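The structure appears right after this line, and notes come after that.
Every number here is computed from the coordinates shown, using simple stated rules; none is lab data. A quick note: this is a predicted structure, and the numbers were derived from the prediction, not measured. When we count neighbours, we look across all protein chains shown, and the Cβ atoms used for this are built from the backbone with ideal geometry, even at glycine.
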Amino acid sequence: MNCVQYYEQPPSYEKFLHHHLIPNLPALIGPSLTAEWEATKSWVTVEQDKSDSNRSRRIPNYEHLRTIYGSCKVQVADCNDRYFTDQKRSEMTFDDFVDLWQKDTGKSRFYLKDWHFVQARPEIKAYEVPKIFEDDWLNGYWVGRKMADGSEDDYRFSYMGGDGTFTPFHADVYRSYSWSSNICGVKKWTLFRPGQEHLYKNKRGDLVYDIRNVDPLEFPDFERAERIVLYQKAGETLFVPSGWFHQVENLGPTISINHNWTNSTNVEKTFESLANDLVDVRHAIDNLEDEMSPLEFVEQCQDLLHVHSGWHWKLFIEIAQSAVDRAGEESRPGREFEYECLRRVIKKMEDNEPLLIKYFEYKSLDCLDQLKHTIKYGL
């Protein structure tokens, strides 16, 4: 595949399911999908092109955004300051971020990333989740749910930054799907299909950080990796499938709204991501295994997996249970399809963790039994 399917009008859910979700292929959808969003109408303003009076462009409506979000705390990345595999971040108010943004002349360096903007102002209805993306097990579980410390979580984000700001080379968390709608500006995406991961690493196993500046001696195989380059314009929405590595660069002042999500069509990839994280956790503490009982070691690994990845098997099962409890919703592939995907995952989970059932009994947890019962009897 050397191009991305473009749709002037949003495809039907059935077409999207069979042409993109199940085969795990990207899609770019035209501005009609976002035309009626409040963000599309009020987050931007029109600026005349100084070099051509007949041309105009949409730019951020900075003052309007300040009135809504000015006092909100945000995390801002410095794109000139690498921090391990990401960029160094600092906390500031949205007002302070916009001050930095508006001072930019030429290339920008400060990028508001991964901002849970819906949590910040839940009364603001800036957008509607498109029908083709509604089957969302992550946000379906987390939205409105309090964590143990009273805080909330979700996978609904906004990104805002000036010309030249970028997100380093990566694949999305939990090998989730993502969709990204550009409110204004242009994003340059470079996408890499799955199955080439061995080309992205050096001898130490470190991943390429910035595909625009790769040392051929350190990463001698990277240039062999197949890639797709596309330019996402204002109003367009890109579907990024599971496990597709990518790098994103903003061209001009850019705002986007994004979701990460998983469902039955990629739940096995999400499971495999978590299983790989568990292998890393086990290796990190394998020196302690002889000092614990087998069940104590399983418990320690699960606790550390939760810290390391934000998930463990119990939470994974609870998210799946929450999804099957909502069976019958529109824009889903069908109950039996979902059940069969989960049967395969449960078998892999039990094979991967032979003591899993005993561990759940040890902790008096019935989540796995409940999920298996639901799948068996369709309740």
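Relative contact order, whole percent, for the chain stands at 18, derived from Cα pairs under 8 Å and 6 or more residues apart.
Within a straight-line Cα-Cα reach of under 17 Å, Lys125 can be paired with the following aspartates and glutamates, leaving aside sequence neighbours fewer than 8 residues apart in one chain: Glu36, Glu38, Glu134, Asp154. Are there any trypsin sites (Lys or Arg not before Pro) in region 62-155 that are in a DSSP loop and have at most 12 other Cβ atoms within 10 Å? List them by number. Taking region 62-155 and a limit of 12 other Cβ atoms within 10 Å, the loop trypsin sites (Lys or Arg not before Pro) found are Lys107, Lys125, Arg145. Helix 313-325 and the long axis of the chain differ in direction by around 70°, with both axes built from C-alpha atoms.
Helix 335-352 and the longest principal axis of the Cα set of the chain meet at an angle near 60°. Once you reduce region 1-45 and region 70-89 to the center of their Cα atoms, the two points are 29 Å from each other.
Return the single residue from Leu112, Leu217, Leu251 with maximal mean-square fluctuation; model: Gaussian network over the chain, springs between Cα atoms under 10 Å. Highest fluctuation among the options: Leu217. About the centre of its Cα atoms, region 248-320 shows a dipole size close to 460 debye [charges on the beta carbon of Lys, Arg (+1) and Asp, Glu (-1) only; nearest 20 debye]. Here is the list for region 333-379: trypsin sites (Lys or Arg not before Pro) lying in DSSP coil, each with at most 14 other C-beta atoms within 10 angstrom of its C-beta, are Lys363.
What's the long-distance tail for region 267-377, i.e. % of Cα pairs beyond 16 Å? Here the long-distance tail beyond 16 Å is 60 percent of all Cα pairs in region 267-377. Ordering Pro241, Gly140, Ile375 by Cα displacement along the dipole of the chain toward the positive end leaves Pro241 in first place; charges were set at the Cβ atoms of Lys, Arg (+1) and Asp, Glu (-1). Think of the chain as having a plus end and a minus end, set by charges on the Cβ of Lys, Arg, Asp and Glu; of Ala126, Leu304, Gly328, Ala126 sits farthest toward the positive end of this dipole. For the pair Asp81 and Glu330 in one chain, pulling the backbone fully straight at 0.36 nm per residue adds 85.2 nm over the alpha carbon distance. About its Cα centre, region 267-377 has a charge dipole of approximately 520 debye under the convention of +1 per Lys or Arg Cβ and -1 per Asp or Glu Cβ, with nothing else charged. Post the alpha-carbon centroid distance, region 202-255 to region 105-149, in whole angstrom. Using only Cα atoms to place each centre, the spacing works out to 23 Å.
Neighbour counts of other Cβ atoms within 10 Å put Glu63, Glu47 in the fewest-to-most order Glu63, Glu47. Across the chain, Cα-Cα distances exceeding 35 Å account for 30% of all pairs.
Taking only Cα atoms, what is the 0 to 90° angle, nearest 10, from helix 267-284's long axis to the longest principal axis of the chain? Its long axis makes an angle of about 70 degrees.
Dipole magnitude for the chain: about 1100 debye, using +1 per Lys or Arg Cβ and -1 per Asp or Glu Cβ, origin at the Cα centre. Highest GNM mean-square fluctuation among Tyr111, Tyr141, Tyr174, for the chain modelled with Cα contacts below 10 Å: Tyr141. Toward the positive end of the charge dipole of the chain, with +1 on the Cβ of Lys and Arg and -1 on the Cβ of Asp and Glu, the farthest Cα among Met349, Tyr6, Phe97 is that of Tyr6. For region 1-104, applying the loop criterion from DSSP together with a ceiling of 16 other beta carbons within 10 Å to the chymotrypsin sites (Phe, Trp or Tyr not before Pro) yields Phe84. Comparing mean-square fluctuations of Val118, Val143, Val307 from a GNM of the chain with C-alpha springs under 10 Å, the top value falls on Val307. Structure note, pairs Lys103/Lys187; Lys269/Lys363; Lys146/Lys187: Cα-Cα distances above 29 angstrom occur for Lys146/Lys187.
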